[in-house]
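The values are calculated or read from the model by the stated rules, or taken from the named source; none is laboratory data. Please read these numbers as outputs of a predicted model, since none were measured by experiment. Neighbour counts are summed over all protein chains in view; Cβ atoms, including those assigned to glycine, are modelled from backbone coordinates with ideal geometry.
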Amino acid sequence: MVSTDSALYTTVEKPCAKINRAYACIYFVAILGLIWYRITHIPNECYLTWIVVFGAELGFAFCWILDQAFRWRPVCRETFPKKLSDRFEKELPSVDIFICTADPTKEPPLNTVNTVLSTLAHDYPVEKLSCYVSDDGGSILTFYALFEASRFAKFWVPFCHKYSIKQRCPDAYFNDRDDYPHKNLSYAVECENLKNMYEDMKYSINSTVERGTVPQDKWKDHQGFKEWSSGISSRDHHSILEILLEKGKDSDVEGHDLPSLVYVAREKRPEHQHNFKAGALNVLIRVSAVVSNAPFILTLDCDMYANNCEALREAMCFFMDPQTDHQLGFVQFPQRFHSITKNDLYANRLKRIFDVQFQGFDGIGGPPYGGTGCVHRRDVLCGSEPQKSSLKPSKLSVNLIREKSSPSEMLNEARILAQCTYEKNSLWGKKVGMIYGCAVEDVLTGFTIQCRGWKSVYCAPKRNAFQGQAPVNLNDTLIQHKRWTAGLFEIFVSKFCPFVYGIHRVSIAHRMCYGLYCLCAPSCLHILCYGLVPALCTLNGRSLFPQISSPWCLLFVYLSVSAYAHSVIEFIGAGGSVKSWWNEHRMWVIKGTSSYPFGLIQVLCKLMGISEVGFEVTSKMSDSEAAKRYEAEIYEFGVASTMFIPPATLVVINLIALLNGIAQVLKKGYPALEGMFLQLMLSGFIVMNGYGILEGMFLRRDNGRMPMSVTVSSLLATVVMCFVASNISLWHY
Ligand SMILES: O=c1ccn([C@@H]2O[C@H](COP(=O)(O)OP(=O)(O)O[C@H]3O[C@H](CO)[C@@H](O)[C@H](O)[C@H]3O)[C@@H](O)[C@H]2O)c(=O)[nH]1
Ligand SMILES: [Mn+2]
């Protein structure tokens, strides 16, 4: 632990680290015992099932080993923003804020507007902030919404500063009465006015979005609207760059400066790869370099508003601490979500990731870059290595900055930087900027940054720094996780594979953590095998596990019970509840048999040149009836998604195996239980996990139930699998 009076932050190793290590040693011995058992109990027939189950167990064991890296040295950090302002208020560096949006139908422009306003009103010197919005939808609706936001900002920003408002996202502020301080009369009047203005703006934006066009009479308000006069499509248009608020020119209603606000829709042509969000961010890096060129960059998704107006100061506590070495490349905040139910039905709070694993990462080299809520040094994103860096703006790599050009020259130059041919034959996407070719550009980029010798820090202030919206239905959740696991596995099969790339700069433990993330997709193999093979064995009267009377049985019981106990304790220690742990586990089973295998197949198809892995934008909308079910924590199936078929099949097969096994026991008594006990326990556990699915298939009548076509497909799959398993001569091998 380092702490002196001048320190702007402290780092403490979590006390659980020592217990974790001791526990890991004991558990490791148990795993060796399991391997010993399998090797010494090779059956005389049914080799195939023995191989499959042993293989799956080795898979689980390997993942367990990688997982220990997270538990080796978790740390917590505390920051002191007060000290920062006392000592460095005048020296605070400029920050460019990047906000990405892609699709006005899936990502309501009003959300983007709220995110933008929350950052424009951030508690940070206004002259040091610039906000850039990348609109990959190239939509006049988004532009219109931002234009309205720029007008509202002139009232909102001074109001927040004047009354030191904590919640600077207008929507959250006006919704959350708790944060409504009863100050003086002038406050009350102003607040009421602002609330009305906000409601008006909200109405204009939402009604315009609903209509799908911006009325001609509004076009005169800003020359930027003309860009759409030729009727452009989101996939085919020139680059559009408009300054909505200009520093030094626009001021708020009280006459103070405002941060600048720039709208960027990069050029899109069907014949050019646009590289999704990574491409969008690279354009922003270049465009901002000619406009404001701040030495620090905060990246945000359009739905991630700043919930803590001191977030940037929190980050600066790390960058400006005199003891911090020059290797600190970025500060990552956790992704927190406001759309989560009480017990986190779909485990979208990502509690284990952000409250356990990232602290583990932080102790051994730094968390990954999570795509949103992250402050980078600009140099780091421009491909530089630690020693060349400083707090001054960069002149490096980008090689774009022509000093003192007039605003119109500057804009013209910036438009060229946003063209799709600009990156041709350059290092952009390969060594400079966000790295291309992967659906999780963030993790890949962060990893290559760390491989160049940079460190990162995880900063989780008590008041959530940023809050976003998580998917609110099962299908969206599964699609999101498919993209993540596919993207992570793409890293694994690329030259950036964490087990081989960056060996000199990144520690073994650190690479193990990345390795576990990257291997999520193939981990479906051992999950599926363990879920299916024992059940099929039960149906055919075969046993894969030791008998109840055998002492080996205890080993299996120990391995499962203690792993679960540890997992529950860890989860609760991180502030979770038993119910949310259970929901997390249920989702692990569903994702493991759905998102993961689909992600795996996607990457295999890419490797064989059949198709690419895309970036399906997560929808941030929901209908009201579904919203009620979500609040009541009932799984929302609704759409006929093929992704529901494998988990549904798995649960049905296990249900049949369980019922079959119970029938056998009732008929034959104890001897039938003797060999099947562990198998039946396993099937019972899977059925418990999948009860929500069974309910959706057979018991529910509402619109969110499992669509008939999925139920039928799963039952067909079940019949085929049971038939194959009991008829082919599988059991002789
Ligand atoms: O072609 C695209 C596709 C997406 N986006 C933006 O990327 C962001 C993230 O997209 P979203 O659909 O919300 O995906 P999530 O799964 O919620 O995003 C997580 O995972 C992504 C990587 O898969 C990271 O980039 C994100 O920061 C991280 O929050 C959004 O702001 C989008 O507008 C673009 O700008 N261009
Ligand atoms: Mn998102």
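Observations on the structure shown:
- Screening the range 312-333 for residues that are closer than 28 Å to L417 by Cβ and out of contact with any helix residue (DSSP H, G or I) (no Cβ under 8 Å at 6 or more places or on another chain) and picking the one that is farthest from ligand 2 (Cβ to nearest atom) gives F319.
- Residues of the range 267-297 classified as hydrophobic (A, V, I, L, M, F, W, C) and within 16 Å of ligand 2 (Cβ to nearest atom), total: 4
- Residue match in the range 5-14 (condition: at pLDDT below 95, over 30 Å from P534 (Cα atoms) and more than 32 Å from the chain's Cα centre (by Cα)): yes
- Residue check for N425: at pLDDT below 95 and more than 15 Å from ligand 2 (Cβ to nearest atom): yes
- The range 673-696 residues that are modelled with pLDDT under 95, paired with ones that are in a helix (DSSP H, G or I) and aliphatic (A, V, I, L, M) (beta carbon under 6 Å, 6 or more apart): L673/V665
- The listed residue being of a type in the set (S, T, N, Q), modelled with pLDDT of 95 or more and within 16 Å of ligand 2 (Cβ to nearest atom), out of S150, S134, S139: S134
- Any chance Y514 is among the aromatic types (F, W, Y), part of a helix (DSSP H, G or I) and more than 23 Å from the chain's Cα centre (by Cα): no
- Checked against (1) assigned to a helix (DSSP H, G or I); (2) more than 16 Å from ligand 1 (Cβ to nearest atom); (3) buried (at least 20 other Cβ atoms within 10 Å of the Cβ); (4) not hydrophobic (A, V, I, L, M, F, W, C), P498 passes all but condition (1).
- Flag if T119 is away from ligand 2 (no atom under 16 Å from the Cβ), among the β-branched types (V, I, T) and outside any strand (DSSP E or B): yes
- Filtering the range 334-351 to residues that are over 20 Å from R463 (Cβ atoms) and within 16 Å of ligand 2 (Cβ to nearest atom) leaves Y346, A347, N348.
- For the range 537-563, residues that are part of a helix (DSSP H, G or I) and either of a type in the set (K, R) or at pLDDT 95 or above (or both) total 12.
One line per residue, one yes/no per condition, for (1) touching a His at 6+ places or on another chain (Cβ under 8 Å); (2) surrounded by fewer than 16 Cβ atoms within 10 Å (Cβ to Cβ); (3) closer than 27 Å to F358 by Cβ:
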site: E57; (1), (2), (3): yes, no, no
site: F60; (1), (2), (3): yes, no, yes
site: W64; (1), (2), (3): no, no, yes
site: F70; (1), (2), (3): no, no, yes
site: V75; (1), (2), (3): no, no, yes
site: P81; (1), (2), (3): no, no, yes
site: L84; (1), (2), (3): no, no, yes
site: L92; (1), (2), (3): no, no, yes
site: D96; (1), (2), (3): no, no, yes
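- Helices (runs of 4 or more DSSP H) wholly inside the range 1-93 that include at least 3 residues being farther than 30 Å from D325 by Cα: 16-40, 47-72
- Residue count for the range 101-132 under the criterion of being of a type outside the set (D, E) and farther than 21 Å from Q167 by Cβ: the result is 8.
- Close pairs from the range 621-636: first over 13 Å from K342 (Cα atoms), partner among the β-branched types (V, I, T) and not in a helix (DSSP H, G or I), Cβ under 6 Å, at least 6 apart: S622/V472
- Subset of the range 25-40 [touching a Phe, Trp or Tyr at 6+ places or on another chain (Cβ under 8 Å) and touching a residue at least 40 places away in the same chain (Cβ under 8 Å)]: Y27, A30, I31, L34, Y37
- Single residue of the range 434-466 satisfying the filter (of a type in the set (S, T, Y) and in a helix (DSSP H, G or I)) that is surrounded by the fewest Cβ atoms within 10 Å (Cβ to Cβ): T448
- The range 347-372 residues that are over 15 Å from C451 (Cα atoms), paired with ones that are part of a loop (DSSP other than H, G, I, E, B) and more than 16 Å from ligand 2 (Cβ to nearest atom) (beta carbon under 6 Å, 6 or more apart): K351/G576; D355/A574; V356/A574; F358/P367; Q359/P74; G360/P74; G363/R73; G363/P74
- Residue within the range 352-365 that is within 16 Å of ligand 2 (Cβ to nearest atom), in contact with a helix residue (DSSP H, G or I) (Cβ under 7 Å, 6 or more places away or on another chain) and over 27 Å from I243 (Cβ atoms) present: no
- Single residue of the range 468-488 satisfying the filter (part of a helix (DSSP H, G or I) and farther than 17 Å from G371 by Cα) that is nearest to ligand 2 (Cβ to nearest atom): D476
- Selection status of Y305, touching a residue at least 60 places away in the same chain (Cβ under 8 Å), within 26 Å of K620 (Cα to Cα), away from ligand 2 (no atom under 16 Å from the Cβ) and among the aromatic types (F, W, Y): no
- Residue within the range 599-619 that is away from ligand 1 (no atom under 16 Å from the Cβ), more than 19 Å from the chain's Cα centre (by Cα) and buried (at least 17 other Cβ atoms within 10 Å of the Cβ) present: no
- The numbered conditions (1) closer than 21 Å to T593 by Cα; (2) away from ligand 1 (no atom under 16 Å from the Cβ) are all true for A672 except (1).
- F98 vs. criteria under 28 Å from the mean Cα position of the chain (by Cα) and over 30 Å from E254 (Cβ atoms): no
- Any hit, the range 443-458, residues being within 30 Å of I165 (Cβ to Cβ), out of contact with any Leu (no Cβ under 6 Å at 6 or more places or on another chain) and either away from ligand 1 (no atom under 14 Å from the Cβ) or at pLDDT below 95 (or both): yes
- Restricting the range 608-663 to residues that are among the β-branched types (V, I, T) and assigned to a loop (DSSP other than H, G, I, E, B) leaves a set whose member that is nearest to ligand 2 (Cβ to nearest atom) is T618.
- Residues satisfying the stated conditions in the range 461-495, i.e. closer than 17 Å to D355 by Cα and either within 16 Å of ligand 1 (Cβ to nearest atom) or free of Cβ contacts under 8 Å to residues at least 60 places away in the same chain (or both): K462, N464, A465, F466, Q467, G468, A470
- Some residue of the range 587-594 being in contact (Cβ under 8 Å) with a residue 40 or more places away in the chain and surrounded by fewer than 19 Cβ atoms within 10 Å (Cβ to Cβ): yes
- Inspection of the range 134-142 finds no residue satisfying the criterion of being away from ligand 1 (no atom under 16 Å from the Cβ), in a loop (DSSP other than H, G, I, E, B) and either small (G, A, S) or in contact (Cβ under 8 Å) with a residue 60 or more places away in the chain (or both).
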